[in-house]
Amino acid sequence: MDNPAALQPSFDTQSSQQSKQTPNPLSLPPTPPPPPPHHHHRISPHYHPSPSRPIYSDRFIPSRSASNFALFDISPASDSPSDGREDASRAYKALLRTALFGPDSEIVPPATPVKGVTGRSFQVSPPSRNIFRYKTETRVSLQSLEPFGFDEELSGGVTHSIPVKPPRKVSKSPYKVLDAPALQDDFYLNLVDWSSHNVLAVGLGNCVYLWNACSSKVTKLCDLGNDDSVCSVGWAQRGTHLAVGTSNGKLQIWDASRCRRVRTMEGHRLRVGALAWSSSLLSSGSRDKSILQRDIRTQEDFVSKMTGHKSEVCGLKWSYDNRELASGGNDNRLFVWNQHSTQPVLKYCEHTAAVKAIAWSPHLHGLLASGGGTADKCIRFWNTTTNTHLSCMDTGSQVCNLAWSKNVNELVSTHGYSQNQIVVWRYPTMSKLATLTGHTYRVLYLAISPDGQTIVTGAGDETLRFWNVFPSPKSQIFQMINETLLTLTVKSEHLLLEELRYGEPSKPFLGLLSSRV
């Protein structure tokens, strides 16, 4: 302290006169005490103060008799019954609260009529309990302090918001339509697939045709004859090998570059409607309720048999890391298998219709999407790593196919009864980016081009339609770079603003400011 003597105790009467006194905000100032005497008398056991001398204590007790209540139209005393004194006391307390906490404290309960000494009536309302709140007139807009503008929704001055991008526009019309005569209207078949070499394979009746997307050349790969028909086609992940599942329960491997059949595999008793490749391992699902694992490098037709479904297997997809296989069946079940299991390691029974639509996310490990048939109409999301059901979206139509974009975190679904639509979704919000229509039958078949931008859809109306729905990988890289630069710029401006408010700006931020201006 600057004055140590002020901390020493004093025992004279003058110091007691200067003790703490709480002023009354609604009364006149008290009469000042008389000047101190020239001689100070020490308090001792033999000292007795004079009765005529005023005594000052260390507490201030307001005297209602000394208060001028006429200034506030309140009577300090009344000969009326006790209710008059209670009204006056209530009015006094209300005015005291108003003086201490402002007029905003008089809210909530109904007002009470009170009469003053002049007979005039006025209303007094009890105060609000919420006395610690900011007054609107004390709020100062930060826009006047912000050199680059400020987001009104974030007026607290914590962070800036990134400008919201307008929704990406998707063309509502197909850029190409191909005739596909004899394309079957069967929910349980998978007759369209697009290879990594940009060749589309389509099963039409008992034949398989190849359409080269670069040259638009059409090639007839095989003809199974009148006693058999194509139920599924599936390209190997790399190379030119195509698997063809038939209605007789056989599986054929073809070398598409030479239009030559490599081998024929057996094992199923009924039609093979679902195929899925995992490197050199090929999985096939059949109406006989089983799934066969085939290694095309060995002489055996299959290396393991997986059982669990109670009805036809109509959907098969390997995860991108080739560790998990998802299968859907007409028994409304979705199962997850590993490379060595003969029984499902995960079972999901929430769907209420056949599960044909299955898609693994290429962006998040263990994220699986599945769609149900006519009685279900829902797209469900699962985390197979934690074995949890994440969310469910009712689409309003039979879900026939699902495919995830490799370039953006979006997916496309095709539908049957009753709208026959194609929907592009943004994940995880599941907001619709586009709804594409044009097919007059259920959209039972779906494949994605190797660059991830184009989808082809097939339906019982015997047409194949090509749609541009996803952006290119290159545009996504530039978009990510632009968003990152925008985020860094906004954060730098925010830091600059904070330094301008609370201290001297640093040189890098001053350089940023000069370059912006």
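The values are calculated or read from the model by the stated rules, or taken from the named source; none is laboratory data. Note that the coordinates shown come from a computational prediction; the quantities given were computed from them, not determined experimentally. Cβ sites come from the backbone with ideal geometry, for glycine too, and all protein chains shown count toward neighbours. In case anyone asks, the SASA skips ligands and DNA or RNA and just uses the protein heavy atoms, side chains included. Shrake-Rupley method; radii C 1.70, N 1.55, O 1.52, S 1.80 Å.
The residue pairs whose first member lies in the range 187-200 and is farther than 14 Å from Ser215 by Cβ and open to solvent by 40 Å² or more (accessible area, probe 1.4 Å), whose second member is basic (Lys, Arg) and part of a loop (DSSP other than H, G, I, E, B), and whose beta carbons are closer than 9 Å, counting only pairs six or more residues apart or on different chains, are Tyr188/Arg271; Tyr188/Arg287; Ser196/Arg238.
Determine whether Thr386 is closer than 21 Å to Ala274 by Cα and open to solvent by 30 Å² or more (accessible area, probe 1.4 Å). For Thr386, the condition - closer than 21 Å to Ala274 by Cα and open to solvent by 30 Å² or more (accessible area, probe 1.4 Å) - is not met. Among the numbered conditions (1) open to solvent by less than 60 Å² (accessible area, probe 1.4 Å); (2) modelled with pLDDT of 50 or more, the only one that Asp151 does not meet is (2). Of everything in the range 337-359 that is surrounded by 21 or more Cβ atoms within 10 Å (Cβ to Cβ) and among the hydrophobic types (A, V, I, L, M, F, W, C), the residue that is nearest to the chain's Cα centre (by Cα) is Ala359.
Would you check which residues across the range 310-336 are aromatic (Phe, Trp, Tyr) and either more than 18 Å from Ser286 (Cβ to Cβ) or surrounded by fewer than 23 Cβ atoms within 10 Å (Cβ to Cβ) (or both) and list them? Full working, then the answer.
Start the filter on the range 310-336 by keeping residues that are aromatic (Phe, Trp, Tyr), which leaves 318, 320, 335.
Correct list: Trp318, Tyr320.
Restricted to the range 263-309, and to residues there that are in contact (Cβ under 8 Å) with a residue 60 or more places away in the chain and of a type in the set (A, V, I, L, M, F, W, C), the residue that is surrounded by the most Cβ atoms within 10 Å (Cβ to Cβ) is Ala274. The residue that is nearest to the chain's Cα centre (by Cα), counting only those in the range 213-239 that are open to solvent by 40 Å² or more (accessible area, probe 1.4 Å) and among the hydrophobic types (A, V, I, L, M, F, W, C), is Cys214.
Table: residues versus (1) of a type outside the set (A, V, I, L, M); (2) part of a loop (DSSP other than H, G, I, E, B); (3) in contact with a strand residue (DSSP E or B) (Cβ under 9 Å, 6 or more places away or on another chain); (4) closer than 23 Å to Gln293 by Cα.
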position	(1), (2), (3), (4)
Asp185	yes, yes, yes, no
Leu221	no, no, yes, no
Asn226	yes, yes, no, no
Cys231	yes, no, yes, yes
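Give the range 355-378 a look and list any residue that's of a type in the set (A, V, I, L, M) and without any contact (Cβ under 8 Å) to a residue 40 or more places away in the chain, or say none. Explain how you work it out, then say what you get.
Pass one, the range 355-378, residues of a type in the set (A, V, I, L, M): 355, 357-359, 364, 367-369, 375.
If the condition is that a residue be of a type in the set (A, V, I, L, M) and without any contact (Cβ under 8 Å) to a residue 40 or more places away in the chain, then Leu364, Leu367, Ala375 are the ones that fit.
Among the residues here, Ser257 does not qualify as open to solvent by 30 Å² or more (accessible area, probe 1.4 Å), small (Gly, Ala, Ser), closer than 26 Å to Asp451 by Cβ and touching a residue at least 40 places away in the same chain (Cβ under 8 Å).
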